[in-house]
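S.K.: Quick one: the structure is below, and I'll ask about it shortly.
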Amino acid sequence: MVVYLLLAACLFPDLGYPQVWYRLVAGLDGLDVATPTAGALCQARRRVGATPLRFLFDLLRGPAVGTAMTASRWRGLLVCAIDGTTMSVPDSPANLAEYRKHRCNNGGSGYPLLRVMVPVCCGTRIVLDAVSGPTISGETTSTYDLLRSLHPGMIVLADRNFGAQKLLAATSATGAQSMVRCQHGRVLPVLRRWADGPACRGWVGPRSG
C-alpha cells in the first residue's frame, strides 16, 4: 500500500500524504479502510525505503512486449533519445553532503539539485533506463552508466553535448547506432563520399559510418 501511495503521490505532487491517501482509497466504499495520520504515512515511507521502488522500476523499464512493435522505427531501428535534467531534493544535511545548490545571477537554487539521465523510446516515450547523481558529474559522464540498456537494433539520438568521441565509441561498441548533433564549426574527417557528392563525416572507430 505504501508503494501505491508513493506512485499516487507522483500524480498529485501538490497534495500531502493524507490527501493522496484519501484519493487512493476513495473507491473502496463499504470496506473498513484505515485512516492513518500524516506522521504515520511518513514513517511508513521511511520503513519501505528505496529498494522496492528500484525493483519495480527495473521490472517495468524498457519497451513492453505490446509496445515494442508499435514504437517509432527508422529503417528497422528502434528510435530512442537520451538527455538529462535536474531535480530538486529536500534541503537536508544528508542531501547537502551529496548534492549541491547552484549559484547564478538570479540568486541560485533554493534546494540541492541532482542530475537525472534518461533514455526513452521516441513516439511512445517509454523510459528505457535512468541514472541519477550529483550535478558535478556531467551528462556525458553519467551516460556511461546507461550503456547497459543499449543494444543492436536501436538508433540513439542526442544533442551536441553528447558529441564526445570516447562516448560515441562506447555507444557503438554496444551494437547500437547513434546520431548526434555537432557544432557548426567542428571539422570531422571524411569517412565516405556518396556517389551524388555529399560526404559522410564522423569519427573513425568501431562500426563507424
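Read-outs throughout are calculated quantities, based only on the coordinates presented, and are distinct from any laboratory measurement. Because the structure is a prediction, the values reported are computed rather than measured. Cβ sites come from the backbone with ideal geometry, for glycine too, and all protein chains shown count toward neighbours.
S.K.: Just L188, L11, L31 to compare: in a GNM of the chain, with alpha carbon springs under 10 Å, which one fluctuates most?
M.R.: L31
S.K.: Would you mind getting me the FRET efficiency between R148 and T124? Use the beta-carbon distance for r and R0 = 25 Å, nearest 0.05. Mind showing how you got there, number by number?
M.R.: Numbers: r = 20 Å, r/R0 = 0.82.
FRET efficiency, R148 to T124: 0.75.
S.K.: Return the calculated 222 nm mean residue ellipticity for the chain, to the nearest 500 deg cm²/dmol, obtained by summing -39500 (n - 2.57) across DSSP H runs with n ≥ 4 and dividing by the residue count. Walk me through the intermediate numbers first.
M.R.: Working: 8 runs with 63 residues, N = 209.
The helix-only estimate for the chain comes to -8000 deg cm²/dmol at 222 nm.
S.K.: Another question, then. Could you please rank C121, C42, placing first whichever residue has the fewest other Cβ atoms within 10 Å of its Cβ?
M.R.: Working: C121 22, C42 12.
Arranged by neighbour count, lowest to highest, C121, C42 become C42, C121.
S.K.: In nm, to one decimal, how far is the R103 label point from the T51 one, both placed 7 Å along Cα→Cβ?
M.R.: 4.1
S.K.: Anyone know which of H102, H151, H184 comes out most mobile in the 10 Å Cα GNM of the chain?
M.R.: H184
S.K.: Here is a further query. For segment 104-163, run through the trypsin sites (Lys or Arg not before Pro) and keep only the ones in DSSP coil with at most 13 other Cβ atoms within 10 Å of their Cβ.
M.R.: On the way: sites: R115, R125, R148, R160; in loops: R125.
Within segment 104-163, the qualifying trypsin sites (Lys or Arg not before Pro) (loop, at most 13 other Cβ atoms within 10 Å) are R125.
S.K.: Residues in segment 1-23, backbone N under 17 Å from the label point at T35 (7 Å along the Cα-to-beta-carbon vector): list them, ranges by number please.
M.R.: Flagged as within label range: 17-23.
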